[in-house]
1. Which count do you get for residues in segment 405-436 that are of a type in the set (A, V, I, L, M, F, W, C) and surrounded by fewer than 13 Cβ atoms within 10 Å (Cβ to Cβ)?
2. Say we look at segment 184-223 and pick out the residues that are hydrophobic (A, V, I, L, M, F, W, C) and out of contact with any strand residue (DSSP E or B) (no Cβ under 8 Å at 6 or more places or on another chain); which of these is farthest from W158 (Cα to Cα)?
3. If you take the residues in segment 416-459 that are basic (K, R) and in a loop (DSSP other than H, G, I, E, B), which one is nearest to the chain's Cα centre (by Cα)?
4. Tally time: how many residues in segment 461-479 are within 23 Å of I358 (Cβ to Cβ) and at pLDDT below 95?
5. Tell me, which helices (runs of 4 or more DSSP H) wholly within segment 111-223 include 3 or more residues that are within 26 Å of the chain's Cα centre (by Cα), under 30 Å from K418 (Cβ atoms) and at pLDDT below 95?
6. Six or more apart or on different chains, Cβ atoms under 9 Å: show the pairs whose first residue is in segment 71-96 and in the same structural domain as R344 (by TED's automatic domain parsing) and farther than 23 Å from K54 by Cβ and whose second is β-branched (V, I, T) and assigned to a strand (DSSP E or B).
7. Which residues, counting only those in segment 169-215, are among the charged types (D, E, K, R), crowded, with 18+ Cβ neighbours inside 10 Å and in contact with a helix residue (DSSP H, G or I) (Cβ under 8 Å, 6 or more places away or on another chain)?
8. Return the only residue of Q563, Q572, Q555 being among the polar types (S, T, N, Q) and either surrounded by 14 or more Cβ atoms within 10 Å (Cβ to Cβ) or at pLDDT 90 or above (or both).
Amino acid sequence: MRSFLKIFFATFLALLVFSVLSVFFAVAFIGGVASKKVPKTPTNAVLAIDLGTKFNEQARDNFLASLNSTDSETPGLYDLIRLIRNAKDDKNISGIYLTANSNPNGFAASDEIRSALNDFKTSGKFIYAYGSVMTQKAYYIANVADSVFLNPIGMLDWSGMHVEYTFLKGTLDKLGIEPQIFYAGKFKSATEPLRLEKMSPENKLQTSTWLNDLYSHFLENTAAARKTDTATLRKLANTAAIQFATDAVAHKLVDGLKYDDELKDIIKGKLKIDKYEKLNTVNINSYYASNNYSTGSGEKIALIYAEGDIIDGKSEDGTIGDITYINLIRKARLDKSIKAVVFRINSGGGSVLASENIWRELSITKKEKPVVVSFGDVSASGGYYVSCDADSIFALPSTITGSIGVFGIVPNLSNFFKGKLGVTFDEVKTGPYAGGLTVTRPMTDAEKRLQQTQIEVIYAQFKQRVADGRKMDTADVEAIAQGRVWTGKRALEIGLIDRFGGIEDAINSAATLAKLSNYRVAEYPAKINFLDKLLGKGESESYIKEIKKELGADQFAIFEQMQKINRLSGNQAKLPFSFNIR
């Protein structure tokens, strides 16, 4: 009886707490929604954009903040581009203020933002950029401004680009873990962190090539914006000439040293506002909330966003699940009101099987309506696999792509289990190849030969998919494959992409192919609704944020790499590294 009462009261208490929380969330949600008003842009306003914001492919929102705020949702990259375009013609927006300290966005995304800001300048409206500690990536966007200002005791990083990889072979050796690795393509170095202690000569060559491509692109655009030459800019980096804010001014990388209040007074003067009056600033989130892009008429172009690792099954947060994307693409194919599909992908690849399945659905769709692919910062390996049969592929010179190659990993954990945990295994099987992919013993030579053969067959199929889609000879594909990574600049030269351009260019191309003069863009996948969030969807994102906060950026990068290694079992078409450019 005592046990029964304990269970009864515990259950009753749980139900009571759940009921109270449910009422709280319901009241908060209803009250929040009821009190929300679409913000209006005041006259003579300045649009404020913090370049330290991460603009994902699709908009992200803070659910709890959204209950009481209209500007809790951060626009996606394409949203940002459209907002800047809209601000160009918005009579209430007089100019743009860029906060330029950091920039977590990739180089291709930065190029799209930079291009939109350059277009904004043609309106005659001003752009001012300001930073205290300005990174090179933030400066890359900021230098399109009419004037760039730095805090008098701030600094501008001007040291060149640097990439560092983390190698885990020593850790695995200490743990007694043997990663049994199979790969095709001498540049396919995704497994190097597990089998080497430093970069192979092939990996060093390809990394040096694409990094210098990005650096040259960065310097060329900066030189054009600052009216100088790339040789001068290189020399400033190579001689460590920019150490203090005054150095940045002396070498004409920035236009002056100001405190934030001083720059605000300059803007007020430009707008003919008394210095004691309030400056009307509208942050990008608020401006996003006040603009509706769902309007439009005519037939539709489907814009399908795909961001993250390619995995088998349904999509998880930040991944591209083949089941989820087959359904999305199929929906677009079967919808007669959709006349073309733009597939926007930002992925270093992943599962070969999932990549094949998504490729198949896009190929079927191409037979019924135009399919145009837009590459983001990265579209490599499996990301390229799914895309190669499109009618047209758009990328930017700074996009990372290629990596046509395959690898597989079957970890042998027997020494780890025995040496670290004291656990041993034994087996009985009906034939020599039964249980061949077990992690509890090393593979036999025969099993290794079978696995390598599978890798070679998949690699041949990958190359054939590229040859057919790009209308190339397989020998030519082999010459540019081998798992080698290319920038968009070189990808255009070797035929892996069709033209340079961002999301808008891809959409315009799709409209032309579908012979549409009047159309609207339907975006997929749909945003997660309130009920899904209340039931727990999207919690992993906040959980990851907490981990990142505790570990710090560098340690979190290692944590992410360890997580990815957990997904690498089986055959993979994946970018050969995780990198962070500094």
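The values are calculated or read from the model by the stated rules, or taken from the named source; none is laboratory data. None of the values given here were measured: they were computed from a predicted structure. Using ideal geometry, Cβ is built from the backbone for each residue, glycine included, and neighbour counts are taken over all protein chains shown.
1. So the count comes out to 5.
2. Once the filter is applied, the top-ranked residue is L196.
3. The residue in question is R441.
4. 1
5. 192-195
6. Cβ pairs passing all conditions: none.
7. Listed by number, the residues that qualify are E178, E192, R195, D213.
8. So the residue among Q563, Q572, Q555 that is among the polar types (S, T, N, Q) and either surrounded by 14 or more Cβ atoms within 10 Å (Cβ to Cβ) or at pLDDT 90 or above (or both) is Q572.
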